[in-house]
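Novice: Before we start, here is the structure in question, set down as structure tokens.
The values are calculated or read from the model by the stated rules, or taken from the named source; none is laboratory data. Worth saying up front: this structure is predicted, and the values here are computed from it rather than measured. As a convention, Cβ positions derive from the backbone with ideal geometry for all residues, glycine included, and neighbour counts pool all protein chains shown.
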Amino acid sequence: MKCNNGKEKKDKYNPFKEAEDYLAKNRRLFLWGGVDDESAEKIVKRLLWLDSLNNDDIVLFINSPGGVISSGLAIYDCMQAIKSDVVTVCMGQAASMGAVLLAAGAPDKRYVWNNARVMIHQPLIQGEMVGPASDIQIQAEEMLRIRQVLNKILAEACGKDESQIEKDTDRDYFMTAQEAVDYGLADKKENFQ
């Protein structure tokens with residue numbers, strides 16, 4: 001990078017970026033915060049890159065309140081498409097789309113840390129809807145379709161009927177680590193590293 005006087009300026013050293021890169025090279029990825037296009041792009045690129053190197057397990061640590069459904073489904077689809085098993089680890093919380101990604105981990109490789117919490121619910125429309133009634137109806141129908149998609153994903157991951165998932169996600173459903181294991185969102189309650 002060049003400064004105004006034409007001399008080279010070195011990028012400021014960031015030990016946290018270095019640590020994140022080191023962990024990624026060792027097949028440890030993090031979803032920390034909301035699920036959005038930026039976090040999804042970063043995770044999908046790294047999943048594809050690591051899977052292209054070899055098919056060893058990739059660990060995805062999750063501490064997320066959820067977020068944008070389409071971004072979360074991009075991560076989910078990538079997890080299902082690659083050959084490497086994705087080990088999911090909930091630390092802190094896995095709520096909403098974060099819980100879907102936790103449940104999407106490889107069978108018998110989904111962990112929840114002892115003091116973490118997990119929350120599932122139906123998809124939410126964020127912001128305000130503006131437009132003619134016909135457009136609002138289209139958006140409502142799409143939201144119901146997405147709800148069915150998410151319910152099917154959770155039902156398959158948890159070994160439950162879709163009708164049970166639909167009932168349980170009607171409102172926010174919070175679970176302790178042990179309750180998440182009992183529900184089928186995770187396989188083991190332990191501080192996996």
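Novice: Going through segment 103-112 one residue at a time, which ones are crowded, with 19+ Cβ neighbours inside 10 Å and part of a loop (DSSP other than H, G, I, E, B)?
Specialist: Across segment 103-112, the qualifying residues are ALA104, GLY105.
Novice: In addition: Being farther than 14 Å from GLY67 by Cα, surrounded by fewer than 14 Cβ atoms within 10 Å (Cβ to Cβ) and of a type in the set (A, V, I, L, M): is that true of MET143 here? Let's see the steps before the verdict.
Specialist: Numbers: farther than 14 Å from GLY67 by Cα: yes; surrounded by fewer than 14 Cβ atoms within 10 Å (Cβ to Cβ): no; of a type in the set (A, V, I, L, M): yes.
Taking the combined requirement at face value, the residue does not satisfy it.
Novice: Right, here's the next one. Among what's in segment 153-193 and is of a type in the set (Gly, Ala, Ser) and closer than 17 Å to MET97 by Cβ, pick the residue that is surrounded by the most Cβ atoms within 10 Å (Cβ to Cβ).
Specialist: The qualifying residue surrounded by the most Cβ atoms within 10 Å (Cβ to Cβ) is ALA186.
To keep it simple, each residue is scored yes or no on (1) among the basic types (Lys, Arg); (2) part of a loop (DSSP other than H, G, I, E, B); (3) in contact with a Lys or Arg (Cβ under 7 Å, 6 or more places away or on another chain).
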{"residue": "ILE62", "(1), (2), (3)": "no, no, no"}
{"residue": "GLY72", "(1), (2), (3)": "no, no, no"}
{"residue": "THR88", "(1), (2), (3)": "no, no, yes"}
{"residue": "GLY92", "(1), (2), (3)": "no, no, no"}
{"residue": "GLY98", "(1), (2), (3)": "no, no, no"}
{"residue": "LEU124", "(1), (2), (3)": "no, yes, no"}
{"residue": "ASP135", "(1), (2), (3)": "no, no, no"}
{"residue": "GLU141", "(1), (2), (3)": "no, no, no"}
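Novice: Are any residues in segment 41-60 part of a helix (DSSP H, G or I) and farther than 18 Å from MET91 by Cα, and if so, which ones?
Specialist: GLU41, LYS42, VAL44, LYS45, ARG46, LEU47, LEU48, TRP49, LEU50, ASP51, SER52, LEU53
Novice: Can you name the residue in segment 143-193 that is at pLDDT below 95 and outside any helix (DSSP H, G or I) and, of all such residues, is farthest from ALA116 (Cα to Cα)?
Specialist: GLN193
Novice: Return the pair list, or none, for Cβ contacts closer than 6 Å from residues in segment 79-97 that are more than 17 Å from GLY67 (Cβ to Cβ) and among the small types (Gly, Ala, Ser) to residues that are part of a strand (DSSP E or B) and modelled with pLDDT of 95 or more, at least 6 apart or on different chains.
Specialist: SER84/ILE58
Novice: Now for a different question. Restricting to segment 113-129, and then to whatever is in contact with a helix residue (DSSP H, G or I) (Cβ under 8 Å, 6 or more places away or on another chain) and modelled with pLDDT of 95 or more, can you tell me which residue is surrounded by the most Cβ atoms within 10 Å (Cβ to Cβ)?
Specialist: ILE120
Novice: I'm checking my understanding of the structure. Among residues of segment 1-51 that are polar (S, T, N, Q) and modelled with pLDDT under 95, which one is nearest to MET97 (Cα to Cα)? Spell out how you get there, then give the answer.
Specialist: If we filter segment 1-51 for residues that are polar (S, T, N, Q), which is where we start, we get 4-5, 14, 26, 39.
Applying the additional criterion that residues be modelled with pLDDT under 95 yields 4-5, 14, 26.
Values: ASN4: 45, ASN5: 48, ASN14: 30, ASN26: 25 Å.
Only one residue tops the list, namely ASN26.
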